[in-house]
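Colleague: Below is the structure I would like to discuss, written out as structure tokens.
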Amino acid sequence: AQKVTQAQTEISVVEKEDVTLDCVYETRDTTYYLFWYKQPPSGELVFLIRRNSFDEQNEISGRYSWNFQKSTSSFNFTITASQVVDSAVYFCALSARPSGAGSYQLTFGKGTKLSVIP
Amino acid sequence: DAGITQSPRYKITETGRQVTLMCHQTWSHSYMFWYRQDLGHGLRLIYYSAAADITDKGEVPDGYVVSRSKTENFPLTLESATRSQTSVYFCASRGWDTEAFFGQGTRLTVV
């Protein structure tokens with residue numbers, strides 16, 4: 001089986017603070033993909049990043065950065081200098097084969113609701 | 001227009017009725033997925049499909065049926081709707097080496 005755990009249900013920060021959203025995953029598959037999605041109050045799901053299991057390089061995109069560590073099965077997301085527009089629910093997701101073979105499932109964590117207070 | 005579309009966007013149905021939610025994508029993505037989103041549960045996978053005529057159960061398949069006779073379509077049917085199936089339903093598609101693209105969602109209310 002595969003699982004994604006986002007232990008932080010809700011986080012509140014004051015604007016301009018940095019915030020890190022945690023994501024821990026479990027899979028038996030050796031080839032898998034990790035994703036982060038943002039769901040603003042309007043409800044749509046917005047893709048942020050995709051990582052495959054062979055690429056452990058950290059990535060930075062503007063104020064966003066991601067830290068992928070296979071050794072701890074984590075794929076954490078940091079927002080630097082948060083803004084009110086960052087307020088949303090953020091989902092981490094894992095695409096892997098439940099038994100290491102067959103079709104790739106896409107499993108989401110329960111999400112972290114981020115509120116950025118002006 | 002290229003993309004993934006769900007229909008209807010909103011649906012109210014009565015308990016016991018059959019209802020079908022439609023999902024259509026124009027990219028010829030192999031993978032398609034159905035999720036339901038409920039407060040406190042995030043996105044839970046109902047069914048997914050790796051290709052036409054290949055479907056697999058996800059985390060919460062009971063009470064749902066899917067089919068995939070064509071690559072671009074992946075309808076989800078509630079055979080006999082129950083109030084517990086009131087939710088927002090999202091369809092997604094994904095290519096082999098792409099992110100998943102989501103439809104706008106269908107808000108289903110079972111009364």
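The values are calculated or read from the model by the stated rules, or taken from the named source; none is laboratory data. Since this is a predicted model, take the numbers as computed values, not measurements. Cβ atoms come from the backbone with ideal geometry, glycine included; neighbour counts cover every protein chain shown.
Colleague: Restricting to segment B:88-103, give me the number of residues that are closer than 26 Å to A:S42 by Cβ, more than 8 Å from every other protein chain (Cβ to nearest Cβ) and surrounded by fewer than 21 Cβ atoms within 10 Å (Cβ to Cβ).
Modeller: Going through segment B:88-103 one residue at a time, the tally reaches 1.
Colleague: Out of all the residues in segment A:72-106, which are modelled with pLDDT under 95 and either in contact with a Phe, Trp or Tyr (Cβ under 7 Å, 6 or more places away or on another chain) or hydroxyl-bearing (S, T, Y) (or both)?
Modeller: As a first pass, look at segment A:72-106 and keep what is modelled with pLDDT under 95: A:95-106.
Scanning segment A:72-106 gives A:S95, A:A96, A:R97, A:S99, A:S103, A:Y104, A:Q105, A:L106.
Colleague: What's the number of the condition A:Y90 fails, among (1) part of a loop (DSSP other than H, G, I, E, B); (2) within 12 Å of chain B (Cβ to nearest Cβ); (3) within 24 Å of B:G105 (Cβ to Cβ)?
Modeller: It is condition (1) that A:Y90 fails.
A quick yes/no check of all residues on (1) surrounded by fewer than 13 Cβ atoms within 10 Å (Cβ to Cβ); (2) within 16 Å of the chain's Cα centre (by Cα); (3) small (G, A, S):
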residue: A:Q2; (1), (2), (3): no, yes, no
residue: A:K16; (1), (2), (3): yes, no, no
residue: A:L21; (1), (2), (3): no, yes, no
residue: A:V24; (1), (2), (3): no, yes, no
residue: A:L34; (1), (2), (3): no, yes, no
residue: A:Y37; (1), (2), (3): no, yes, no
residue: A:L48; (1), (2), (3): no, yes, no
residue: A:I60; (1), (2), (3): yes, yes, no
residue: A:T72; (1), (2), (3): yes, yes, no
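Colleague: Taking strands (runs of 3 or more DSSP E) that do not extend beyond segment B:1-90, which have at least 3 residues that are in contact (Cβ under 8 Å) with a residue 60 or more places away in the chain?
Modeller: Numbers: elements: B:4-7, B:10-13, B:19-25, B:31-38, B:42-51, B:54-57, B:64-66, B:76-78.
Of the strands (runs of 3 or more DSSP E) lying wholly inside segment B:1-90, those with at least 3 residues that are in contact (Cβ under 8 Å) with a residue 60 or more places away in the chain span B:4-7, B:10-13, B:19-25, B:31-38.
Colleague: Identify all residues within segment A:74-85 that are over 16 Å from A:D29 (Cβ atoms) and under 14 Å from the mean Cα position of the chain (by Cα); write none if there are none. Break it down stepwise before answering.
Modeller: Of segment A:74-85, the ones over 16 Å from A:D29 (Cβ atoms) are A:74, A:76-85.
Selection gives A:S74, A:N76, A:F77, A:T78, A:I79.
Colleague: Test each condition in (1) touching an Asp or Glu at 6+ places or on another chain (Cβ under 8 Å); (2) assigned to a strand (DSSP E or B); (3) within 14 Å of chain B (Cβ to nearest Cβ); (4) at pLDDT 95 or above for A:K38 and report the one that comes out false.
Modeller: So the condition that A:K38 fails would be (1).
Colleague: Return the residue satisfying two criteria in turn: it lies in segment A:100-114 and is more than 7 Å from chain B (Cβ to nearest Cβ) and in a strand (DSSP E or B), and of such residues it is farthest from A:A1 (Cα to Cα). Outline the logic, then answer.
Modeller: Filtering segment A:100-114 for residues more than 7 Å from chain B (Cβ to nearest Cβ) gives A:100-102, A:112-114.
With in a strand (DSSP E or B) added as a condition, the list becomes A:112-114.
Values: A:T112: 22, A:K113: 26, A:L114: 28 Å.
If we take residues in segment A:100-114 being more than 7 Å from chain B (Cβ to nearest Cβ) and in a strand (DSSP E or B), then A:L114 is farthest from A:A1 (Cα to Cα).
Here is a yes/no grid of residues against (1) more than 14 Å from chain A (Cβ to nearest Cβ); (2) touching a Gly at 6+ places or on another chain (Cβ under 7 Å):
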residue	(1), (2)
B:S7	yes, no
B:G16	yes, no
B:V19	yes, no
B:L39	no, no
B:L43	no, no
B:T55	no, no
B:Y64	yes, no
B:S80	yes, yes
B:Q85	yes, yes
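Colleague: I'd like the residue in segment B:19-56 that is within 15 Å of A:Q105 (Cα to Cα) and among the β-branched types (V, I, T) and, out of all such residues, is nearest to the chain's Cα centre (by Cα).
Modeller: B:I46
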